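Values in this text are rule-based calculations from the coordinates and carry no lab data. The model shown is predicted, which means the values in this text are computed figures rather than measured ones. Here the Cβ positions follow ideal geometry from the backbone for every residue, glycine too, while neighbour counts run over all protein chains shown.
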Amino acid sequence: MSRPTLTGWWRRTASVAMREFVQTVFTKAFLLSVVALPLIGVVGFALIPLLLPEGPPPLRGEIVVVDPGEEMATPFERRLDRMLGDGAGDDGTAPDAIARFIESNERAVLAGSEVTVRLEEDASRLDDAKDQVRNGDAVAVLEVRRGEDDAGAGAGPIESWVMNIRSDLPARQVMLLERLADAAAVEVQVERAGEDLGRLRSLMDPPPGRTMRLSEGGGEAPEQVEAKMLVPMGFMMLLWVSVITSANYLLMSTIEEKSNRVMEVLLSAISPMQLMAGKILGYGLVGAILVAAYGGLAIAGLAAATMLDLVPASHLLLFAVYFVMAYFTIASLLAAVGSAVTELRDAQSLMGPVMLVMVVPLILWLPISEDPNGVLATVASFVPPLTPFVMILRTTGSAEPVAIWQIVATILWGTATTVGFVWLAARIFRVGVLMQGKPPTPLELLRWIRRR
Amino acid sequence: MTTSTTTSSIRIRGVVKRFGPTVAVDHLDLEIPRGTLCGVLGPNGAGKSTTIRMIMSIIHPDEGELEVLGADALSAKDRIGYLPEERGLYRKMKVGEFLRYVGRLKGLASRDARDRSAAWLDRLELPGVLGKRCEELSKGMQQKVQFAAAVMHEPELLILDEPFSGLDPVNVRTLTRALREIHASGTTVLFSTHLMNQAEALCDRIVLFHRGRKILDEPLASIRNRFDPRTLLVEPADAGTSDRLRERLEALEGVEAVEFGTGDELVLRLADGVAPAGVLGAAAAAAPLRSASVRSVSLDDVFVDLVGERTVPAEANP
């Protein structure tokens, strides 16, 4: 009497896994929705700067500054010259990377332009200047309107300015000229007040500061709000989406095999346990593809923003552990649901409790991110099947590291409960796959679990 | 492929299977010798499919023992071919992929599965469907694809649950021919049907189920000998004289009843213990006859004899 060998058992299980993987992944729908879209996103992100037009056509001509007070033209010209330059002589005063990025884009707006600034002190020549603009002889006329002061009309403080532009001037260039006019006007106002703009700017700049989170154990770590709130959410959503999507594929496949009656053909060749194991492994690979696609996209984004330090290798390792844990739990539960019904609509009622549980991590995101080592977070870490979702929130977001014993304990506990869920699901699966007709009641499911 | 040396392909002892309060199979003892082509018959709900599913270890008995090919059923799966009653294919899967997949699950190497898929499709007169999706095939073609999936790994035991249901006569002939060839190569074949005439045409052994119990388990020849033929078919020499002939035949000793058959044919039912040969002679003497014969006992007659009711309405038999 020959017993099936372990190798034979796994070979057949692997055949099931491979079929499920191939039949899911190598379809146009999957490739388009799951792989192509993120890839298009990545490629598009990289190519957008190349695909965009190089900038508006270069400006040629002069900008007439009509200013009876004669103060506005110089600061305006200085700023314009800076924009017309290549930035090589940039003094680096832009406060941060974002400001430098904006300034670089603004330079691109005027790339190749040759613009001069001419001061017109006589306000009565305004209409002539406007005609120059209309005729195409000038790019724009900046009319500076002033109030009265002791020196007489037109010598007072700037009340407003009007930029008269050529009808075909592109919006991006208009916006830039407006910003330069604003900045120049501010400089004039500051100097009229007897202050130095550079000094005021330096006074307004906040000194470097940071927040340190002090732990009860004597440790201290820099507080990173972005990391604390967004990175864990990113990890959790990646876990959630990949697990739900791949487990849902498994559910649909099981229901299909029941509804089209191919189940009995399969069970004449392999055991229900082999079938379930093969399905779980096959769709686990599908989940891994999803993680690689979406996770890779996220990491590429972080790398582009030079924020890769927010995702250390330890986070990725823990993610892998929690993904396996979460996937096996949810996939086995949905396999059980799929085995118990013959049609998708029948699955809705049985899916309810599973989906309810799956919503909990989304609700817990905010409170756990606020207090990753609090009582709620700690307790929730030990509540199956929430363990992997809660722990990924805690371990990737906590400024103060989660205690090692908690990580180890939750991995052990999570693994044990995962095995328990898989066992329960397998008990239901082996009975459910052969059942036809109306879906079982919860009481019947219990009977299936206890059946010999 | 390992070959067991036991003389029985299937050995079932005291098997009981219940579904809730319903006893689907009730203390079944069954032994199918190797090399048999055995028909499992009975009306719907008699327990045929449940027994087959237990043999396939798809479901397990509540009581009793079951041995298939000298092993427990689970261990023998690779040596059994199975065509379930409920036909099923992956709709979107290509025929070739489906057959290769089932072949691999049955322990075939990928190359063998591929070669045998093509060979069996040709044999079943399904050339050119390897690359088609299963949903593109007609119902009959799908059924033949499933038959190929059941036999491509050259099983020692082939179990077919209602293999001919829904097939047109041409496909029935194709499948029957394949079945005979497989049996001739030494494979034990067990197939269930509720159509008695198919079993009579194919099987050398018959197992009859009724309400979860086995009520008959014998070689076909033995059944025909055991159940006395008590029906004669008589046709008058002159057309249109059936009425007069009927009156004369009813008067013969040993004739219980005379009914009209098809055309001018008359059907004589004999009383228990009456020798058909004597009545045939008396009938021939009573009037000129075109033909007179003893009708062979049908399995349906046997069933009626055993349980006092017909298996299926007579008109359902093709």
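Among the complete DSSP H segments of chain A, which ones combine at least 24 Å of alpha-carbon extent along their axis with a mean Kyte-Doolittle hydropathy of 0.5 or more?
For chain A, where a helix must reach 24 Å along its axis and average at least 0.5, the hits are A:225-259, A:272-304, A:313-340, A:344-370, A:404-432.
What percent does the relative contact order of chain B come to when contacts are Cα pairs within less than 8 Å and at least six residues apart?
19
Please report the net charge: other residues with Cβ closer than 15 Å to the Cβ of A:M252, K and R +1, D and E -1.
+1
Quick check: the angle from helix B:169-184's long axis to the longest principal axis of chain B, C-alpha only, nearest 10 degrees?
Roughly 70 degrees, rounded to the nearest 10.
Rounding to the nearest 10 and keeping the result within 0 to 90°, find how far the Cα-based axis of helix B:110-123 lies from the longest principal axis of chain B.
Result, in degrees: 30.
Excluding A:T342 itself, what net charge comes from residues whose Cβ is under 12 Å from its Cβ, given Lys and Arg +1 and Asp and Glu -1?
Values: positive: A:K258, A:R261, A:R345, A:K438; negative: A:E256, A:E257, A:E343, A:D346, B:E86.
Taking every Cβ under 12 Å from that of A:T342, the sum is -1.
With +1 on each Lys and Arg Cβ and -1 on each Asp and Glu Cβ, how big is the dipole of the protein assembly as shown about its Cα centre, in debye rounded to the nearest 20?
4540
From the square roots a ≥ b ≥ c of the eigenvalues of the alpha-carbon gyration tensor of segment A:61-204, which class results: rounded (a/c under 1.5), prolate (a/b over b/c), or oblate?
Oblate is the answer for segment A:61-204, as a/c is 1.5 or above yet b/c matches or exceeds a/b.
Calculate, in nm to one decimal, what B:R244 and B:A275 gain on full extension: separation in residues at 0.36 nm each, minus their alpha carbon distance.
Contour length minus Cα-Cα distance gives 8.8 nm.
In nm, give the distance between the simple-model label positions of A:K28 and B:E86, each being 7 Å from the Cα along the Cα-to-Cβ direction.
3.2
What's the FRET efficiency of A:R78 with A:L308 using the Cβ-Cβ distance as r and R₀ = 35 Å, to the nearest 0.05?
On the way: r = 39 Å, r/R0 = 1.10.
With a Förster radius of 35 Å, E is 0.35.
Averaged over its residues, how many other protein chain Cβ atoms are within 10 Å of peptide A:255-265's Cβ atoms? Numbers along the way, then the final one.
Details: counts 0, 4, 2, 1, 2, 9, 6, 13, 4, 12, 15.
Average neighbour count from other chains, rounded to a whole number: 6.
Using Cβ counts within 10 Å as a stand-in for footprinting exposure, how do A:F21, B:F147, B:F260 rank, fewest first?
Ranked by crowding around the Cβ, least crowded first: B:F260, A:F21, B:F147.
Would you work out which of A:S369, A:L350, A:S381 lies farthest towards the positive end of the dipole of segment A:345-449, given +1 charges on the beta-carbon of Lys and Arg and -1 on that of Asp and Glu, about the Cα centre?
So the residue we want is A:L350.
Kindly identify the protein assembly as shown as rounded, prolate or oblate by the Cα gyration tensor criterion: order the square roots of the eigenvalues as a ≥ b ≥ c, call it rounded if a/c is under 1.5, otherwise compare a/b with b/c, prolate if a/b is larger, else oblate.
Taking the square roots of the gyration eigenvalues as a ≥ b ≥ c, the protein assembly as shown is prolate.
Modelling each spin label as a point 7 Å along the Cα-to-Cβ direction, I'd like the A:L362/A:L412 distance in nm, to one decimal.
3.5
Can you pull the mean other chain C-beta count within 10 Å for peptide B:54-61?
3
Which entries of A:K279/B:K144; A:K438/B:K17; A:K279/B:K106; A:K28/B:K77; B:K92/B:K139 show an alpha-carbon separation above 25 angstrom in the structure shown?
A:K279/B:K144; A:K28/B:K77
Residue by residue, what Karplus-based ³J(HN,Hα) values in Hz, rounded to whole numbers, does segment B:134-149 have, using 6.51, -1.76 and 1.60 with θ = phi - 60° and x for Gly and Pro?
4, 5, 7, 8, 6, 4, x, 5, 4, 5, 6, 4, 5, 4, 4, 4
Among DSSP bridges having both ends in chain A, what percentage is antiparallel? Round to the nearest 5.
Among the beta bridges of chain A, antiparallel pairing accounts for roughly 50 percent.
Go ahead and run the numbers for FRET between A:E148 and A:R201, Cβ-Cβ distance against an R0 of 30 Å, rounding to 0.05.
Efficiency for this residue pair is about 0.50.
Take the alpha carbon gyration tensor of chain A, find the square roots of its eigenvalues, order them as a ≥ b ≥ c, and report rounded if a/c is under 1.5; if not, report prolate when a/b exceeds b/c, else oblate.
Taking the square roots of the gyration eigenvalues as a ≥ b ≥ c, chain A is prolate.
Would you tally the net charge around B:E259, using a Cβ to Cβ cut-off of less than 9 Å, leaving B:E259 out, and scoring K and R as +1, D and E as -1?
That sum, taken over residues with Cβ under 9 Å, equals +2.
How big is the dipole moment of segment A:61-204 about its Cα centre under a simple scheme where the beta carbon of each Lys and Arg is +1, that of each Asp and Glu is -1, and everything else is neutral? Debye, nearest 20, please.
Approximately 540 debye in magnitude.
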